[in-house]
Amino acid sequence: MKIVLLGPPGCGKGTQAQRLATHFGVKAIATGDILREAVRRGTPLGTKAKEYMGQGKLVPDEVLVPLVREQLEGLDGFVLDGFPRTVAQAAALDKSAPEAVAVRIQVAPDRLVGRLGGRRVCPSCNALYHVMSTPPRTPGVCDRCSTPLVQRDDDKPEVVRKRQEVYAAETAPVVERFQRSDRLRTVDGEGTPDAIFQRVLRAVGD
Ligand code: AMP
């Protein structure tokens, strides 16, 4: 199972990627998580990525393409969350996994800012929560590993707007590219994570 999740920031890609990976027993590769971890550790990758991420811009393809190529090496299944985000990245993925199928999660644009504003993440295990719709059992603490939850810096409204612009300009053409090659499935991203997951499973033919 080789799945690419597409959709604007806040559509629920991260939540569905983690569920799909567990369901199919494959690796979830979330490029944003990998980059945030690199920034936290202050590695050379993190140093390169930090400035772009803070401004809601894309980290250059020359960084992302080799990073993902390395992640995919030797895998016979995966769920990609946050890659490809540009046509050049999509072309690179086509070389290593031409059979990958994309699932686009569709959410009305006016719902996205609220979703991102309430999002909380575990900086240790990357579990995802929302203060209203999917809160942790103990407020502010990860259910899985008890680490204090944080809000992502780039979930602030000014940066969210930039990320949405970048999506429309750079990533919408990726959606079209998958559509043209008849590898795009679209699901409604409104509703509970469980309901959306069932739609995603149907979309990938499970
Ligand atoms: P995400 O967690 O997927 O929303 O990604 C957070 C940030 O990481 C993005 O706003 C970008 O700055 C960077 N990033 C993640 N994935 C990519 C990618 N495929 N290409 C370029 N930048 C990326």
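The values are calculated or read from the model by the stated rules, or taken from the named source; none is laboratory data. Nothing here was measured: the structure is a model prediction, and the numbers come from that model. With ideal geometry, Cβ positions are generated from the backbone for all residues, glycine too; neighbour counts draw on all protein chains shown.
Restricting to segment 46-64, name every residue that is of a type in the set (Lys, Arg) and either within 12 Å of ARG85 (Cβ to Cβ) or near the ligand (Cβ under 8 Å from one of its atoms) (or both).
LYS57
Could you tell me whether LYS95 is surrounded by fewer than 18 Cβ atoms within 10 Å (Cβ to Cβ), under 21 Å from VAL175 (Cβ atoms) and within 7 Å of the ligand (Cβ to nearest atom)? Can you show your working first?
On the way: surrounded by fewer than 18 Cβ atoms within 10 Å (Cβ to Cβ): yes; under 21 Å from VAL175 (Cβ atoms): yes; within 7 Å of the ligand (Cβ to nearest atom): no.
No.
What is the number of the single condition among (1) within 16 Å of the ligand (Cβ to nearest atom); (2) modelled with pLDDT of 95 or more that ASP188 does not meet?
Looking at each condition in turn, ASP188 falls short on (1).
Limited to segment 117-140, what total is found for residues that are farther than 13 Å from THR15 by Cβ and not in a loop (DSSP other than H, G, I, E, B)?
So the count comes out to 1.
Which residue, of THR43, THR22, is under 15 Å from GLY77 (Cβ atoms), more than 11 Å from the ligand (Cβ to nearest atom) and free of Cβ contacts under 8 Å to residues at least 40 places away in the same chain? Give the steps one after another, and end with the answer.
Values: THR43 fails: under 15 Å from GLY77 (Cβ atoms).
Result of the check over THR43, THR22: THR22.
Hey, does segment 157-171 have a residue that's aliphatic (A, V, I, L, M) and over 21 Å from ASP110 (Cα atoms)? Spell out how you get there, then give the answer.
Of all residues in segment 157-171, those aliphatic (A, V, I, L, M) come to 159-160, 166, 168-169.
Narrowing the set further to residues that are over 21 Å from ASP110 (Cα atoms) leaves none.
So far as segment 157-171 goes, no, none of its residues is aliphatic (A, V, I, L, M) and over 21 Å from ASP110 (Cα atoms).
If we scan segment 19-29, do we find a residue that is within 13 Å of the chain's Cα centre (by Cα) and closer than 20 Å to ASP154 by Cα?
Yes, because at least one residue in segment 19-29 is within 13 Å of the chain's Cα centre (by Cα) and closer than 20 Å to ASP154 by Cα.
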